[in-house]
Structure formats: C-alpha cells, structure tokens
Amino acid sequence: MRLRRMFAVWAAKITEKICVHIFHRQGVTWAGKIALLICPSVLRELAGQVRKAVFVVCGTNGKTTVNNLLCAALQAEGERVICNRTGSNMLNGVVAAFVLGAEGDGTLKADYACIEIDEASTREVFPHFTPNYMILTNLFRDQLDRYGEIDTIIDILKHGMQAAPQMKVIFNGDDPLSAFLVMDSGSDYVTYGISEPVNIKSSACETREGRFCRLCGTQLGYEFYHYGQLGDYCCPQCGFRRPPIKFDGQNVEIGDGIRFTVGVRCFRSDQKGFYNVYNILASYAGLRTAGVKAEHFQEALADFNPKNGRMEEFWIRNSRVLLNLAKNPTGFNQSIDVMMQDEAPKELVVVINDNDQDGADISWLWDVDFERLKGMEAGSVTVSGIRCKDLMLRLKYAGIPSELEPDVEKAVSRYIEKGSRNLYVLVNYTALFYTQNILKRIC
C-alpha cells in the first residue's frame, strides 16, 4: 500500500512539472487525476497523516481568499500546512494539494490542511476524509446550468454536513441561507458577522437571494443590509432570525484599505472591498475556533498579497492594472463597489466566457447592476471573451457605451499602449488564468 502511494506521489509531481514546463499549464488537475488512478486511496491515506486538523472552505464567493489567508495565518504561527492555493477545488485539485505536498517516500508532514472545496464537489471529496472544521463563507446564486438554484447547493452541503457529524461549521451568520442550512443540518457551529450598519456605497438594485424565510416562506424583515441578502434579518412570522454572533466585526472602516475590530483586537489590511472584511473574519474565526491563539494574525494579514486574480495588482510601464475574478451577480456588484470607491479616473475591460467551468447560461449578467458604471470617472469600457457580444448588449441596455474586442490580450494591450494609468480587468472563471498569464508576460 505504501509503495503504491509513493508511486502515486512521484507520478503526480512529474505530471505537474511536465504540464508547467512543457505545456505551460498549471497541471494541478492532471496531477491529482494521475495519483488517484494509481492509488485510489491516496487522499484518505495522506489526509489521515495531518497531525492537528483539516479545514475545508466552502461557499459561493471568497473561498480562495479565505483559504489562502487561513493557510498564511497558520504558517505565521509556525505550523506546517497543506493548501490548494491555486483554487483547484474539485476532487482532482484536492488530491493534488496532498500528493504535491507529500514527501518523496509517500508521507505527509503537515500540522494542518486548508482545503478549498467546490460546494458540489463535497459529494466526491468527503467520502475520502472527514474534516474537523468547515468554513462556510456565503451562499449566492452561481452557475445555474451547473448547480441549479440555491436549493440544490443547500441540499448537497446539508448531506455533506450530516455525513460528517463531528465536523464543526464556522459560518457567516449575516447570511440567512447559510444560517438556515447549518441549523437545519444539526451541525455544531460557530458564527461570525458584522452587527452594525457600515457606511458604504453599494447597489440599491441588488438581487437579494435569501429574502424569504426558508422555514415559512414569509419575506424577511431587515434592520439593515450589508450587500446581497447579508445583514440583520428576522422573520416576522415564525421568528427565524440572525443567530448571535461570536466573532463580531465592529468599527468597520472602508477606504484605501480596511480596518475593524474583533473584541479588543484591531485588524488592518490594504485589501480593498467590504467583502474582504468577511473574508478576514472567516479566517480569524476558523483559527480561534480550532484553538489557535492567532498571535501573529495581523502580521500575516499585513503580508498577505492575493496573487490569484483576487484584486491582484500589476504595474505595466506606467499603468496600474487590477485583475479581479467576478463570476456571479454578487461578485460583480462587489467589484463595481470597489471601482466606484476609487475616485481616480479609470478604465475597464470585462471578459466573459461560457466554457464548462463558467457555465453556459450567462443570463445572470442581467442581474448585475452595470447601470452604476455611468458614474465611472471619464473611463471607457471594453468587452472581451467568448460572450463579449452578449455583454455588449447588456451594457447597451444599461446605457453604457462599450468597445468590442474578443481577443483579451489585444483588449488589455490597447489600454497599455495608449497610456491608461488605472485599468480594472474583471473576468469570469476560465478567463482568469489566461488573462493573468497575459499580464505577467507583458509586465
């Protein structure tokens, strides 16, 4: 058994190197696939060698940022951590995180594992190992043709939680959908959230996915919203309400960066966007729930620089380029929020694909509040990607003039050549790594 596991580890490492150096692709998915073919039990065996705890991170938005920050914070405490940093979060990507992090003799020397998992993939991953903790970020509508409506994802996650009864769930209490799911599953849980309204400029036209009570169907009442359906909610009919918050973000300030307190501790970050307050809270709550003192959390946060297309910054000649993944209405609206908080003149490239991992149904574009771009300072908009014409039509109905350039590299290069100083590039999933590689190449 050990010999087969060792062979699987070596084969995965070789596969990954071939993909990177010869085919210039990440190779993570193929590495995991090859390892499973050679040793079907490799994930169970390696996960069983984690010395302290296995975290999994699920949810519609924020998984990669939360998972990578959690990993960085644990490493700042001196722990050894296995992590699928690239966001490859289906079964093969999860397997790859373990086999590529293993030693050549097929053993794993790790104190913790931080594993981002696609919600639908919990069905394939959880039979291989039982996590100690799940961090659930939020639940929004995403990729309708792949997931169906939110009910489908709630059912999948509920089944996963009930299949791992010893797993503690750390969830966003401001999200009524997450709250209903976790309480309905019977799981032991801990909450994080923001218990006071925050002065931010956000869309008043957002689609609020969870505005009806999951218990009785009555429209929820809100003391305040943060964004989407997140806020302080209560059902006037049956009494379902926001649970008490254990890790409560207070005194939130949003500007060039973010600042807030949790109890007596103050956290500061150069990250932009109100949604990153939730991401930081989720990571901190995960650490503390697992008994980690997190004495170096602020240091990890100060050093944390997302390099995976989550507000990733590039400097090309004199142009500042910000690349951000936005793959559903809520994600796009939050990206627009960040742009609108930037008072400097800016320009925008939006890339929309409809490959398998993106979902072929792009009707969700009509739920994005693109109308807000009318207030963008002196900026032009270029649409790109496979479904650029659909996006151009959506912008036309929003009253936003746009230029058409299906080739992403040409679209970005055009702005660089004309000397754009502040360029935002918003992409959905399969456009992310392609666009990221373009920006790295022309830096």
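The values are calculated or read from the model by the stated rules, or taken from the named source; none is laboratory data. Note that the structure is predicted; figures quoted are calculated from it, not measured. Here Cβ is always computed from backbone atoms with ideal geometry, including for glycine, and neighbour counts include all displayed protein chains. These area figures cover heavy atoms from the full protein model, side chains too; ligands, DNA and RNA do not enter into them. Shrake-Rupley method; radii C 1.70, N 1.55, O 1.52, S 1.80 Å.
The set of residues in the range 67-86 that are closer than 17 Å to Val125 by Cβ, open to solvent by less than 20 Å² (accessible area, probe 1.4 Å) and either in contact (Cβ under 8 Å) with a residue 40 or more places away in the chain or assigned to a loop (DSSP other than H, G, I, E, B) (or both) comprises Asn67, Asn84. Checked against (1) crowded, with 22+ Cβ neighbours inside 10 Å; (2) within 29 Å of Ile258 (Cα to Cα), Leu391 passes all but condition (2).
Would you mind listing the strands (runs of 3 or more DSSP E) fully within the range 270-389 where at least 2 residues are farther than 27 Å from Cys443 by Cβ?
none
Filter the range 92-109 down to the residues that are assigned to a loop (DSSP other than H, G, I, E, B) and under 16 Å from Ala53 (Cα atoms) and list them by number.
Leu108, Lys109
For the range 399-410, give me each residue that is assigned to a loop (DSSP other than H, G, I, E, B) and not aliphatic (A, V, I, L, M). Result: Gly399, Pro401, Ser402, Glu405, Pro406, Asp407.
Against the condition aliphatic (A, V, I, L, M), in contact (Cβ under 8 Å) with a residue 24 or more places away in the chain, closer than 24 Å to Asp270 by Cα and outside any strand (DSSP E or B), how does Leu439 come out, does it pass? Answer is yes for this residue. For Asn89, the stated conditions hold: it is part of a loop (DSSP other than H, G, I, E, B) and open to solvent by 10 Å² or more (accessible area, probe 1.4 Å). In the range 36-61, the residues that are among the acidic types (Asp, Glu) form Cβ pairs under 8 Å with partners that are assigned to a loop (DSSP other than H, G, I, E, B), at six or more places apart or across chains, as follows: Glu45/Met1; Glu45/Cys39.
Here is a list: Ser420, Ser413. Which entry is among the hydroxyl-bearing types (Ser, Thr, Tyr) and assigned to a loop (DSSP other than H, G, I, E, B)?
The unique qualifying residue is Ser420.
Filtered by the rule that a residue be within 27 Å of Lys158 (Cβ to Cβ) and part of a loop (DSSP other than H, G, I, E, B), the range 110-125 gives Ile117, Asp118. Take the conditions (1) over 25 Å from Ile150 (Cβ atoms); (2) of a type in the set (A, V, I, L, M, F, W, C); (3) open to solvent by less than 10 Å² (accessible area, probe 1.4 Å); (4) in contact with a strand residue (DSSP E or B) (Cβ under 6 Å, 6 or more places away or on another chain); Ile316 misses just one of them, which is (4). Being modelled with pLDDT of 95 or more and acidic (Asp, Glu), is that true of even one residue in the range 73-89? Within the range 73-89 (the criterion being modelled with pLDDT of 95 or more and acidic (Asp, Glu)), the answer is yes, since at least one residue qualifies. Looking at (1) open to solvent by less than 30 Å² (accessible area, probe 1.4 Å); (2) more than 22 Å from Ile416 (Cβ to Cβ), which is the one condition that is false for Gln298? Going through the list (1) open to solvent by less than 30 Å² (accessible area, probe 1.4 Å); (2) more than 22 Å from Ile416 (Cβ to Cβ), Gln298 breaks only (1). What do you reckon, is Thr60 open to solvent by less than 20 Å² (accessible area, probe 1.4 Å), in a loop (DSSP other than H, G, I, E, B), among the polar types (S, T, N, Q) and modelled with pLDDT under 95? The answer is yes for Thr60. Of the listed requirements (1) farther than 30 Å from Val277 by Cα; (2) touching an Asp or Glu at 6+ places or on another chain (Cβ under 6 Å); (3) open to solvent by 20 Å² or more (accessible area, probe 1.4 Å), Gly27 misses just one: (3).
Give the range 277-323 a look and list any residue that's within 16 Å of the chain's Cα centre (by Cα), at pLDDT 95 or above and closer than 20 Å to Gly255 by Cβ, or say none. Listed by number, the residues that qualify are Val277, Tyr278, Asn279, Ile280, Leu281.
Run down Thr382, Thr289 and say which single residue is β-branched (Val, Ile, Thr) and more than 30 Å from Ile194 (Cα to Cα). Before the answer, list the steps.
Details: Thr289 fails: more than 30 Å from Ile194 (Cα to Cα).
Within the list Thr382, Thr289, the selection yields Thr382.
Would it be correct to say that Lys396 is touching a residue at least 40 places away in the same chain (Cβ under 8 Å) and assigned to a helix (DSSP H, G or I)? No.
Within the range 216-249, the set of residues being in a strand (DSSP E or B), open to solvent by less than 70 Å² (accessible area, probe 1.4 Å) and not charged (D, E, K, R) comprises Gly221, Tyr222, Phe224, His226, Tyr227, Leu230, Gly231, Tyr233, Cys234, Phe247, Gly249. Of all the criteria given as (1) open to solvent by 60 Å² or more (accessible area, probe 1.4 Å); (2) within 23 Å of the chain's Cα centre (by Cα), the one not satisfied by Ala431 is (1).
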